[in-house]
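K.L.:
Let me give you the structure first, and then I'll get to my questions.
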Amino acid sequence: MDRLLTIKEVAERRGTWESSGERFPRRLVAERRIAFVKVGRHVRITESALVDYVAANTAQPRSRRLRSVA
């Protein structure tokens, strides 16, 4: 079973703790853009859900096309 992370732990791992605090992870939950678990009135996010979210939102670099000069 995955470890359940608090909103604060998710913010720290995502590097958003300093800039936007817990707002960004809370917004992800509110908009249902990340899977979460309710434990009583507390919200927890599994480590695998965080990894999946990052993987799904990671942009891949474009390959450079060489232009032929005519």
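K.L.:
Could you sort the peptides 44-50, 29-35, 61-67, 3-9 by per-residue average Cβ neighbour count (10 Å cutoff), highest mean leading?
P.N.:
Result, highest mean first: 44-50, 3-9, 29-35, 61-67.
K.L.:
Kindly provide the helix-only [θ] at 222 nm of the chain, computed as the sum of -39,500 (n - 2.57) over DSSP H runs of four or more divided by all residues, to the nearest 500 deg cm²/dmol?
P.N.:
-11000 deg cm²/dmol
K.L.:
May I pose another question? Against the globular-protein guess of 2.2 N^0.38 Å, express the Cα radius of gyration of segment 4-56 as a ratio, rounded to two decimals.
P.N.:
In units of the globular-protein estimate, segment 4-56 measures up at 1.01.
K.L.:
Could you give me the ³J(HN,Hα) list for segment 28-40, computed from phi with Karplus coefficients 6.51, -1.76, 1.60 and θ = phi - 60°, whole Hz, x at Gly and Pro?
P.N.:
4, 5, 4, 8, 6, 8, 9, 6, 9, 10, 9, 10, x
K.L.:
Considering the dipole of the chain built from charges on the beta carbon (Lys and Arg +1, Asp and Glu -1) around the Cα centre, which of T46, I7, L28 is farthest to its positive end?
P.N.:
Result: L28, furthest along the dipole toward the positive end.
K.L.:
Another question, if that's okay. List the residues whose amide H sits under 5 Å from the amide H of G21, counting only those 5 or more places along or on another chain, with H placed 1.01 Å from N in the peptide plane.
P.N.:
Counting only residues 5 or more places away or on other chains, the set is empty.
Each value in this text was obtained by applying a stated rule to the coordinates, not by laboratory testing. Computed from a prediction, not measured in an experiment: that's the story for all the values here. Glycine also receives a Cβ, built like all others from the backbone with ideal geometry; neighbour counts cover every protein chain displayed.
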